[in-house]
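J.: Below is a structure I'd like to ask you about.
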Amino acid sequence: MSQIVGQEAGPGPGIRAALPAAGQSRALIIAPHLTRVQSFFCEGGKVVAPSAGLPLPQSVRESSVGAALVAALGNHRGCPHKPSMNREKYSRQILFPPIGAEGQEKLLESRAVILGCGALGTAQANALARAGVGTLRIVDRDFVEESNLQRQILFDEADTRERMPKAIAAARKLNQINSEVKVEGVVEDVDNRNIEKLVSGFQVVLDATDNFEARYLLNDVAVKLGLPWIYGAVVASYGMTMTILPESTACLACLFPSPPEGAHETCDTVGVISPAVSWVAAIQVTEALKILLGRRQELHGAMLAYDIWKNQLQEIRPRKDPQCRVCGAKEFAYLNRTAPTHTSLCGRDSVQIHAAATRQLDLAELRARLEQFGRVRANDFLLVFAVDAYELTVFSDGRAIVKGTHDPAVARSVYAKYIGA
Ligand SMILES: [Zn+2]
């Protein structure tokens, strides 16, 4: 049994939050401001068999209790796991019974990956990092622009000025929010060559991409690996979400066998308001927490769609299609096809160019070479080169975003001329 000095009578919230840090060991709480010693026992992450509570002095605030207990726990020996971890941070969600102290430990050991770091991705990452999901990987190909700030909650004006890659800017901000969580920012374009490597080893994938192609690719890899993923999409004031457990629920292709034809509305054509993003991200994050906590029976089990402006909610219960080409026939058309050589970015007057093969560019050398042709700015991750009517943002892996054209052929020729084929 360990002795912990703290101030609280009865198994109050502060003790319930702080005690589980003692793990399997038993702990004796000495409450020096009270008239007698109190004993509480922590077994299997739960506070059990406390003695009868004593009157709590009004002046004792719960937060100071938790802090005192945690400080004491940090000093005491014989605690089997992570005595230095600060559970006070999570005390309000530990009080929520479906999470509790045991659930919190589970979350701290959990691993989630977020594909895309725009409006949905920043909202998801913010919530998961604050909740203490122990390992987060955030993958995004883009950099921060001024028009992002209205809804992409992890970015600020300095990120815009410095043209920070979104995955890096988000990881830095999250580290300031909760340094206990391990956040990895990956600056890559998700495609069929890298997606399996990017999501392997994680327990859930949150969709924060902005196009159908990426979602069908994610659906392919998730079904192949048996990995849960949570679809999410927002445009204007309207959002949709669905949770896919490959072994038991319908997959994206059961519901939409092929992408919708013709032009779709996108955030770049009809706009988007941030509360619609918050609604979708809130549901996705709640579903992710349920999956990570092993509470799958509590998932909503529907395709939910909500127009937050018109206040219209729709709910459908998709059935698994035995004829589905993905989860039925296991044909992974998006995963197995040859990689595209370029991708148009929706509605932004830009074309993305993939390097023919993975390579590592020397950005300093490239900068020196390009300065004779136009204006160049750079940070540790990318270089921005303005020439004629174009602006090229070149990443160190050779990928580039050519702004100023919709035409892939034009973009490829500008890229070949200045960066090399
Ligand atoms: Zn299916």
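The values are calculated or read from the model by the stated rules, or taken from the named source; none is laboratory data. Because the structure is a prediction, the values reported are computed rather than measured. Methodologically, a virtual Cβ is constructed for each residue, glycine included, from the backbone with ideal geometry; neighbour enumeration extends over all protein chains shown.
J.: Within the stretch 227-256, can you find the residues that are surrounded by fewer than 24 Cβ atoms within 10 Å (Cβ to Cβ), assigned to a loop (DSSP other than H, G, I, E, B) and either among the charged types (D, E, K, R) or within 13 Å of the ligand (Cβ to nearest atom) (or both)?
T.: LEU245, PRO246, GLU247, SER248, THR249, ALA250, PHE256
J.: A further question on this structure: Among the residues of the stretch 282-299, is any loosely packed, with under 15 Cβ neighbours inside 10 Å, modelled with pLDDT under 95 and more than 16 Å from the ligand (Cβ to nearest atom)?
T.: No, the stretch 282-299 contains no residue that is loosely packed, with under 15 Cβ neighbours inside 10 Å, modelled with pLDDT under 95 and more than 16 Å from the ligand (Cβ to nearest atom).
J.: Next question, about the same structure. Please state which one of GLY420, GLY398 is at positive phi, under 29 Å from the mean Cα position of the chain (by Cα) and either at pLDDT below 90 or surrounded by fewer than 16 Cβ atoms within 10 Å (Cβ to Cβ) (or both).
T.: Step by step, each of GLY420, GLY398 is checked, and only GLY398 is at positive phi, under 29 Å from the mean Cα position of the chain (by Cα) and either at pLDDT below 90 or surrounded by fewer than 16 Cβ atoms within 10 Å (Cβ to Cβ) (or both).
J.: Filter the stretch 76-129 down to residues that are of a type in the set (Lys, Arg) and farther than 30 Å from VAL235 by Cα and give me whichever is modelled with the highest pLDDT.
T.: Checked the stretch 76-129; the qualifying residue modelled with the highest pLDDT is LYS106.
J.: Considering only residues of the stretch 130-164 that are of a type in the set (S, T, N, Q), crowded, with 17+ Cβ neighbours inside 10 Å and touching a helix residue (DSSP H, G or I) at 6+ places or on another chain (Cβ under 8 Å), which is nearest to LEU383 (Cα to Cα)?
T.: For the stretch 130-164, the residue satisfying everything is THR160.
J.: Sticking with this structure for a sec: Restricting attention to the stretch 110-152, report how many residues are part of a strand (DSSP E or B) and of a type in the set (S, T, N, Q). Quick ask: steps written out before the conclusion?
T.: Looking only at the stretch 110-152, we keep the residues that are part of a strand (DSSP E or B), and these are 111-115, 135-140, 143.
Adding the requirement that they be of a type in the set (S, T, N, Q) leaves 135.
Of the residues in that region, 1 qualify.
J.: Within the stretch 189-203, which residues are touching a residue at least 24 places away in the same chain (Cβ under 8 Å) and under 17 Å from GLN352 (Cα atoms)?
T.: Within the stretch 189-203, ASP189, VAL190, ASP191, ASN192, ARG193 qualify.
J.: What's the number of the condition GLU265 fails, among (1) away from the ligand (no atom under 16 Å from the Cβ); (2) modelled with pLDDT of 95 or more?
T.: Among (1) away from the ligand (no atom under 16 Å from the Cβ); (2) modelled with pLDDT of 95 or more, GLU265 violates only (2).
J.: Restrict the check to the stretch 268-289 and report whether at least one residue is under 30 Å from GLU145 (Cα atoms), part of a loop (DSSP other than H, G, I, E, B) and not aromatic (Phe, Trp, Tyr).
T.: Yes, the conditions are met somewhere in the stretch 268-289.
J.: Moving to a separate point now. In the stretch 188-225, how many residues are at pLDDT 95 or above, outside any helix (DSSP H, G or I) and of a type in the set (D, E, K, R)?
T.: Residues meeting the conditions: 1.
J.: Which pairs do you get when a residue that is of a type in the set (Lys, Arg), found in the stretch 246-257, comes within reach of a residue that is near the ligand (Cβ under 9 Å from one of its atoms), reach meaning Cβ atoms under 7 angstrom, with the pair 6+ apart or on two chains?
T.: none
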